[in-house]
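Enquirer: Can you keep this structure in mind? I'll have questions shortly.
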Amino acid sequence: MDPSSRAGQAPGDPTPYQVAQRSGQEALRRTLLDAASRLLLAEGPGALTMRRVAGAVGCSTTVLYTMFGGKEGLADALYREGFERLRRRLEAVAGDDPLGRLAALGHAYRANALAERAYYGVMFQQAIPGFRPSAASLAAAGASLEVLARAVRAAMDAGALRPGDPQPVAEVLWAAVHGVVSLELAGHFPDPATGADRYRSLASAAILPFRSD
C-alpha cells in the first residue's frame, strides 16, 4: 500500500475504500475509478497499475482484480464510466425551446469535459496507449450521442431545424463542439472566459446551416 497516495488522511480515519464499501458496490466502483482517473491525470498511464490504485484508496489489489479483472478491464471501466457520466449530464438538460436545448447540450458537453478531464482523455485522447474499448463500452458511448440525436429530432419536429435524418446533424454538431473543447483542454484557450465565448460562437455557427428560418 502507498500511504503517500492518501496524503492528508489522519491516522485512524477510515480509508476511501472503507467509506465507499459502506455505501455499496456502485459507490465502491466509482471510488476506485475516480482514484484511477486521478492517477492517470496526474502521472500518466505508467501510474495506472493495480497496486497504485489499491494504495490510493486503501484496499488490496484483490478487490480491483475481483471487480475489473485486470488492467484492461480497469481501462474499459474508465472508458465506459466516462461516457455514462456524459450521458447523465446531457440527459439532465431540459427546456421547452428546442434550439435553446441544443445550445444547452453543447454547454453541458463542455462542462463535462472540463470537470472530467481524465475520463475525457480515456474516451477521446488515447490516454491509455493500446487500449481498445469493448463492444459493451462502445454501445455506452453511442448512447451518449443518442441524447443529442433525440434533441435534434425534437428540433426538427418543432420546425426549428429543417426536416431530415437527425443522426448526421447530431454528428456534425458533436464534431464541432468536440473540436473546440479538445483545443481548450490542450491549452490553446487558456482564458476560461475567452474559451467560453469562443465555444458559444462555434456552437451557434455549427447549427446555422440546419436551421429552418
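Where a number appears in this text, it was derived from the coordinates with a stated rule and is not lab data. It should be emphasised that the depicted structure is a prediction, and the values quoted were computed from it without experimental measurement. Heads up, the Cβs are rebuilt from the backbone with ideal geometry, glycines too, and the neighbour counts pull from every protein chain shown.
Enquirer: Quick one, could you list the DSSP H helices from the chain stretching 20 Å or more along their long axis (Cα atoms) with average Kyte-Doolittle hydropathy of 0.0 or above? Write down the numbers at each step before the final one.
Expert: Numbers: long enough: 25-43 (27 Å, 0.05); 71-91 (30 Å, -1.16); 98-115 (25 Å, 0.37); 135-157 (32 Å, 0.94); 166-185 (28 Å, 0.94); 192-207 (23 Å, -0.05).
Result, helices passing both filters: 25-43, 98-115, 135-157, 166-185.
Enquirer: With runs of 4+ DSSP H residues as the only contributors, calculate the mean residue ellipticity of the chain at 222 nm using -39,500 (n - 2.57) per run, divided by the residue total and rounded to the nearest 500.
Expert: Numbers: 10 runs with 149 residues, N = 213.
After summing the helix terms and dividing by residue count, I get -23000 deg cm²/dmol.
Enquirer: Calculate, for E26 and R162, the FRET efficiency according to 1/(1 + (r/R0)^6) with r their C-beta to C-beta distance and R0 41 Å; round to the nearest 0.05.
Expert: Numbers: r = 42 Å, r/R0 = 1.03.
Step by step, r from the Cβ atoms, then E = 0.45.
Enquirer: Of the listed values [x] 1.07; [y] 1.04; [z] 0.96, grab the one calculated as Rg/Rh (Cα atoms, Kirkwood Rh) from the structure here.
Expert: [y]
Enquirer: How many angstrom lie between the Cα centre of segment 172-213 and the Cα centre of segment 30-51?
Expert: Segment 172-213 and segment 30-51 have Cα centres spaced 29 Å from each other.
Enquirer: In what sequence do Y65, Y120 fall when counting other Cβ within 10 Å, fewest first? Present the calculation step by step, with values, prior to reporting the outcome.
Expert: Working: Y65 15, Y120 23.
Neighbour counts put them in this order, fewest first: Y65, Y120.
Enquirer: Let me ask something else. For F131, what residues show an amide H to amide H distance below 5 Å, using hydrogens built from the backbone and excluding near sequence neighbours?
Expert: none
Enquirer: Moving to a separate point now. Can you give the log10 of the normalised intensity I(q)/I(0) at q = 0.19 Å⁻¹, computed with Debye over equal Cα scatterers of segment 96-213?
Expert: -1.06
Enquirer: Then there is this: In segment 40-130, what GluC sites (Glu not before Pro) fall in a loop by DSSP, with at most 13 other Cβ atoms inside 10 Å? Working shown, then result.
Expert: Values: sites: E43, E72, E81, E84, E91, E116; in loops: E116.
Passing both the DSSP loop test and the Cβ count: no residue.
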